[in-house]
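So the structure is just underneath, and the comments pick up after that.
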Amino acid sequence: MKAEFQVTYFLWIARKDKSGLAPVYIRSKQNSDKQIAYNTGVKLHKEQWKEGKNRPKSMPDKLTELEGKLQATYKDLVAQGHEPDLKALLFHLNDSRKPTDKNIVAWCDDYLKAPYSAGQKKSVATLKTNLAGDAKKRKAGFNPSLTFDKLTKPRIKSFFEWLTAQGVANNSQYKRLRALINVAEHANLNIAELKNYEMPYSTANALKPRLTWQEVKKVIDTEAKTELEQVAKDVFLLACFSGLRIDDILTLNQGELHKFYYERTQNKTKLPVLVTIHRHNERLFKKYIDGVGYTRQTLSAALKPLLKRSGLTKKVTRVQAVGFAFNDVVRAKYEEIAFHSGRRFYARLLNDLGCGGEIARDELGHSFKSITDLYAGSQEHNYRVARVRKAIESIKEIYEELALMKVA
């Protein structure tokens with residue numbers, strides 16, 4: 001392993017702009033069979049380049065600073081036992097890391113300083129508590145000194161058995177697995193036992209309580225107290241009346257709004273979807289087509305108080321799987337409602353209005369009709385009764401019309 005990283009520059013003449021300035025790139029094949037190139041953001045004229053030396057005649061301050069960062073990051077990663085290539089150096093270039101061992105708790109601390117999403121950090125923070133324990137609550141962790149090099153398949157299994165004994169639900173255990181993988185990748189470690197580990201029991205989320213039209217109507221009629229709460233309410237109602245996933249709503253500007261439909265490629269499935277524009281969602285689409293400006297976590301926290309004030313306070317029960325056992329969890333309904341509940345509501349609403357099946361599947365962008373059917377469930381009891389009553393009471397008019405339509 002070399003003591004320093006060899007920085008090689010090249011001037012990409014073929015990409016020069018109208019003024020004759022060409023971008024300066026770094027390239028490297030160190031520890032990698034594949035050529036890696038990186039645009040430094042610096043542009044120079046060909047006359048400023050030292051031919052045959054792969055460097056400028058006079059080094060710009062920006063390149064000097066970048067080279068210093070690359071060398072420092074290289075030494076840091078080498079000290080931790082890695083063999084970093086240019087791709088790894090660029091990934092970790094602005095890290096505020098510096099644990100030099102492979103202690104997982106230390107890497108969790110390091111991960112929490114990096115610019116990851118709030119949701120990812122929340123999962124890693126919980127993982128850290130599981131491993132290190134909670135001194136304030138006098139609660140011991142699984143193993144505070146556990147290192148990645150000791151993370152064998154039996155040890156991973158024993159960790160999840162320990163979580164089961166602590167009463168952690170299966171779907172939450174799966175989040176711990178994802179957090180472990182994320183922290184390992186942050187540490188630039190590829191642990192096959194971790195990536196290939198399969199949970200021995202079901203990790204499927206229990207079906208969330210479904211919303212009714214009456215409940216959604218109450219949310220519509222509930223006044224928001226703050227600007228943030230209004231945005232959260234709007235986003236929730238847009239989910240209820242478009243069926244879009246929250247990630248797609250937060251990035252509405254990635255799609256195109258037409259007169260009668262909204263068109264985009266879904267973030268999760270990478271498949272196209274066309275959503276019908278109607279009077280319950282048109283205003284919201286136009287209002288947020290350029291972006292929402294808040295994270296899902298921020299909006300979710302703002303939505304809960306509004307749902308509570310709208311009257312969604314009745315107790316609901318859902319089954320929570322812990323290992324191979326099942327527990328009943330009783331909570332207020334508003335605590336169980338999320339933005340994805342709006343997507344389920346839209347599936348049920350379409351089904352109730354006679355637009356189920358393939359129509360609802362295409363409207364929600366599902367790959368399989370069976371998923372849409374699971375979301376929609378059976379028709380609401382009161383709605384079914386009303387539909388049957390209306391149909392039966394109009395039977396005379398229907399048969400008279402059929403008689404008139406009868407042809408020889």
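Relative to the longest principal axis of the Cα atoms of the chain, the long axis of helix 227-242 makes an angle of roughly 60 degrees. Converting phi to 3J(HN,Hα) with the Karplus coefficients 6.51, -1.76 and 1.60 and the offset θ = phi - 60°, region 187-197 yields 7, 6, 10, 10, 10, 4, 4, 6, 5, 9, 6 Hz in sequence order, with x at every glycine or proline. Each label point was placed 7 Å from the Cα along the Cα-to-Cβ direction; for residue 329 and residue 114 their separation is 2.8 nm. Rolling a 1.4 Å probe over the protein heavy atoms gives the chain an accessible area of 58 Å² per residue.
Can you check what the net charge comes to around residue 272, using other residues whose Cβ is under 13 Å from the Cβ of residue 272 (Lys, Arg +1; Asp, Glu -1)? Within the 13 Å Cβ shell, the charges total -2. One equal scatterer on each Cα of region 195-280, no solvent, Debye formula: the resulting log10 I(q)/I(0) at q = 0.12, 0.23 Å⁻¹ is -0.53, -1.19.
On full extension, the segment bounded by residue 289 and residue 181 gains 35.4 nm, given 0.36 nm per residue less the C-alpha separation.
Each of residue 395 and residue 174 was given a label point 7 Å from its Cα along the Cα-to-Cβ line. The distance between the two points is 4.7 nm.
Expressed as a fraction of 2.2 N^0.38 Å, the value expected for a compact globular protein of N residues, the C-alpha radius of gyration of region 271-310 is 1.49.
For the pair region 136-155 / region 174-242, the C-alpha centres are spaced 27 Å from each other.
Over the chain, dividing the summed -39,500 (n - 2.57) contributions of all DSSP H runs of at least 4 residues by the number of residues returns a 222 nm mean residue ellipticity of -14000 deg cm²/dmol.
Of the listed pairs 121/268; 128/315; 286/315; 136/175; 195/315; 233/333, which have alpha-carbon separations greater than 27 Å here? Going by Cα-Cα distance, 128/315; 286/315; 195/315 fall outside the 27 Å limit.
Extension gain for the segment residue 270 to residue 91, taken as residue separation times 0.36 nm less the Cα-Cα distance, is 61.9 nm to one decimal.
Could you please state how large a percent of the accessible area of the chain is carbon and sulfur, counting protein chains only and using a 1.4 Å probe? The value for the chain is 52 percent carbon and sulfur by accessible area. Between the helical axis of 381-393 and the longest alpha-carbon principal axis of the chain there is an angle of about 40 degrees.
The values are calculated or read from the model by the stated rules, or taken from the named source; none is laboratory data. Computed from a predicted structure; not experimentally measured. Quick reminder, even Gly has a Cβ in these numbers, built from the backbone with ideal geometry, and neighbours come from all protein chains shown. Accessible surface is based on the protein model in full, side chains and every heavy atom, while ligands, DNA and RNA are left aside. Shrake-Rupley method; radii C 1.70, N 1.55, O 1.52, S 1.80 Å.
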